Amino acid sequence: MSTQKEKTIINLKKAQSLISKIIEMSESNEYCIDIMQQNLAAIGLLKSANQMLMEGHLNSCFKKVMGTNNEKRKKEMIEEILRVNKLSNK
């Protein structure tokens with residue numbers, strides 16, 4: 001497994017753990033600001049993981065397809081990336 005993939009998985013697992021903590025904090029009626037801070041930390045981890053996933057995709061799948069003559073697949077892949085990028089900016 002690549003170092004990049006390992007880092008991505010670590011971020012996803014940390015976010016998963018934080019989300020469990022956030023749920024417990026909410027169920028225990030802890031202070032709202034404390035819950036929000038933990039929530040923002042989880043969002044940060046997920047955004048970071050998403051960025052790493054995109055970098056991995058561009059350096060592997062995307063690069064491979066761009067090196068072919070399959071214009072239809074190239075166009076599809078560019079549209080996929082734009083669609084995912086648009087979703088990540090919402």
- request: Kindly check whether there is at least one residue in the stretch 39-61 that is of a type outside the set (Val, Ile, Thr) and more than 30 Å from LEU82 (Cβ to Cβ).
  value: no
field: Which listed residue is touching a helix residue (DSSP H, G or I) at 6+ places or on another chain (Cβ under 7 Å), at pLDDT 95 or above and not acidic (Asp, Glu), from LYS72, LYS5, LYS21
entry: LYS21
message: Restricting to the stretch 62-90, and then to whatever is among the hydrophobic types (A, V, I, L, M, F, W, C) and surrounded by fewer than 13 Cβ atoms within 10 Å (Cβ to Cβ), can you tell me which residue is farthest from ILE9 (Cα to Cα)?
response: LEU82
query: What is the residue count in the stretch 35-90 for residues that are basic (Lys, Arg) and under 10 Å from the mean Cα position of the chain (by Cα)?
result: 1
message: Quick test for you: out of ILE22, ILE9, ILE35, pick the one residue that is among the β-branched types (Val, Ile, Thr), part of a helix (DSSP H, G or I) and surrounded by fewer than 14 Cβ atoms within 10 Å (Cβ to Cβ).
response: ILE9
query: Just checking, which of GLN51, GLN16, GLN37, GLN4 is in contact (Cβ under 8 Å) with a residue 40 or more places away in the chain and not aliphatic (A, V, I, L, M)?
result: GLN4
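Working only within the stretch 1-41, note down all residues that are among the small types (Gly, Ala, Ser) and either under 30 Å from GLU55 (Cα atoms) or touching a His at 6+ places or on another chain (Cβ under 7 Å) (or both).
SER2, ALA15, SER17, SER20, ALA41
The values are calculated or read from the model by the stated rules, or taken from the named source; none is laboratory data. Since we're looking at a predicted model, the values are computed, not measured. Heads up, the Cβs are rebuilt from the backbone with ideal geometry, glycines too, and the neighbour counts pull from every protein chain shown.
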